[in-house]
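First comes the structure, then the notes that go with it.
The values are calculated or read from the model by the stated rules, or taken from the named source; none is laboratory data. Model, not experiment: these values are computed from the prediction. Note that each Cβ is placed from the backbone with ideal geometry, even for glycine, and that neighbours are counted across all protein chains shown.
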Amino acid sequence: MPDIRVVVVGPKFEGNVGAIARCMANFGVEDLVLVNPCEIGETAMNRSKHGDYILRNARTVTSMEEAVEGCLLVVGTSGTVTKGDKNYARIPVDVREFAMDCRGYNEKIAFVFGREDIGLLQTELNRCDVLITIPADDKYPVMNLSHSVGVILYEMFQANRRPVRCEPCDGREKELLFQFFGDLLEEIDYNEARRESTTVMFRRMMGRAIPTKYEYNTIMGVFGDAARIIRNYQESGTKWGGK
C-alpha cells in the first residue's frame, strides 16, 4: 500500500479524532497530522482504543501547506459532488476507482479531510491534486468524518491486495510536468486572468489520471515539440498568436 498520511483540517470534536486514529490502526496507517484542531484530551484517547499510539504521535500544525509537506500526491475529500464540468475544483473521482489506480504507487500520499460542518475551503481544495468522494444516497451523502476515513483507508487497503498497475511517474517527474505546463502557458502568452484556474485544472487532470512513466514521457514529448515550434516562431520574428 502507498505510504499514507491522514491530514484533518480544523476538526471540531475530539471524539472524531480519536475514532480516526482507531481506523488508521485497523489498516496499518500511522501518520496523522492535525491542522488547527480542537483540544485533544481524554475523550479522544478513549475513542482511539488500540490506536492511542497514533494519537500520541500525531503532529499539530497551523496550515495545510505544513501538513502536506513532503507528499507527492495531495488528495482532497468531499461529500459535495458537482455534476457539471465548469466547477472543476469540485469534480471528484470515485474512491474505489482512485484506489485501484494507486496500485504500485510507492510515494507519499496525503488524504486531506475537512471540518465536520463545512469541509474543506475552496482555497484548500485548489491545493489538492485530486478530489475523491464516497458514493452515498443523494438524500444524505455527507458521511461522519471518522467513517469517511475508515471507508477510504479500507478501499486503499483492499486495492493493494490486487495486481499492480504500471509504475507511475515519480515526484520529480510530476513537478517537472507542472513546470513545463506553466512555461508553455507563459510562452504562448496565455490569458493572465485564466492562468491560475487553468493550472489548477491541469493539476487535477493529472491527479485523477496518476500517469505512468510511459504516459509522462509521452506528454513531455508533446510539450517539448510545442516548445520547439514556439521557439522557431520567435526566432523567425513571427509573433505567436496567444490570447
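So that you can scan it fast, the table gives a plain yes or no per residue for (1) under 24 Å from the mean Cα position of the chain (by Cα); (2) buried (at least 17 other Cβ atoms within 10 Å of the Cβ); (3) within 20 Å of residue 156 (Cβ to Cβ):
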site: 12; (1), (2), (3): yes, no, no
site: 19; (1), (2), (3): yes, yes, yes
site: 22; (1), (2), (3): yes, yes, yes
site: 28; (1), (2), (3): yes, no, yes
site: 32; (1), (2), (3): yes, yes, yes
site: 36; (1), (2), (3): yes, no, no
site: 42; (1), (2), (3): no, no, no
site: 47; (1), (2), (3): no, yes, no
site: 55; (1), (2), (3): yes, yes, no
ask   = Consider residue 67 against the criteria (1) under 19 Å from residue 204 (Cα atoms); (2) within 14 Å of the chain's Cα centre (by Cα): it satisfies all of them except one. Which criterion is unmet?
value = (1)
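Any residue in segment 167-182 that is hydrophobic (A, V, I, L, M, F, W, C), outside any helix (DSSP H, G or I) and either over 30 Å from residue 22 (Cα atoms) or modelled with pLDDT of 85 or more (or both)?
Among the residues of segment 167-182, at least one is hydrophobic (A, V, I, L, M, F, W, C), outside any helix (DSSP H, G or I) and either over 30 Å from residue 22 (Cα atoms) or modelled with pLDDT of 85 or more (or both), which makes the answer yes.
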inquiry  = Within segment 102-127, take every residue that is crowded, with 20+ Cβ neighbours inside 10 Å and among the β-branched types (Val, Ile, Thr) and give me the one that is farthest from residue 31 (Cα to Cα).
reply    = 112
query = In segment 88-101, is there at least one residue being surrounded by fewer than 22 Cβ atoms within 10 Å (Cβ to Cβ), within 16 Å of the chain's Cα centre (by Cα) and β-branched (Val, Ile, Thr)?
reply = yes
query = Counting only residues that are modelled with pLDDT of 80 or more and of a type in the set (D, E, K, R), which one in segment 202-243 is farthest from residue 106 (Cα to Cα)?
reply = 228
message = Against the definition (assigned to a helix (DSSP H, G or I) and touching a residue at least 12 places away in the same chain (Cβ under 8 Å)), how does residue 103 come out, yes or no?
response = no
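Which one of these is surrounded by 12 or more Cβ atoms within 10 Å (Cβ to Cβ), under 30 Å from residue 4 (Cα atoms) and touching a strand residue (DSSP E or B) at 6+ places or on another chain (Cβ under 8 Å): 210, 219? Break it down into steps so the answer makes sense when it comes.
On the way: 219 fails: touching a strand residue (DSSP E or B) at 6+ places or on another chain (Cβ under 8 Å).
Result of the check over 210, 219: 210.
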ask   = What's the number of the condition residue 47 fails, among (1) more than 28 Å from residue 123 (Cβ to Cβ); (2) assigned to a loop (DSSP other than H, G, I, E, B); (3) modelled with pLDDT of 95 or more?
value = (2)
key: Enumeration of residues in segment 128-150 that are surrounded by fewer than 16 Cβ atoms within 10 Å (Cβ to Cβ) and either assigned to a helix (DSSP H, G or I) or on the phi > 0 side of the Ramachandran plot (or both)   = 147
task = Go through segment 106-120 and give me each residue that's within 17 Å of residue 210 (Cα to Cα) and either without any contact (Cβ under 8 Å) to a residue 60 or more places away in the chain or not assigned by TED's automatic domain parsing to the domain that holds residue 12 (or both).
result = none
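Taking segment 52-73, which residues are assigned to a helix (DSSP H, G or I) and not basic (Lys, Arg)? Full working, then the answer.
Of the residues in segment 52-73, the ones assigned to a helix (DSSP H, G or I) are 52-57, 64-67.
Matches in segment 52-73: 52, 53, 54, 55, 57, 64, 65, 66, 67.
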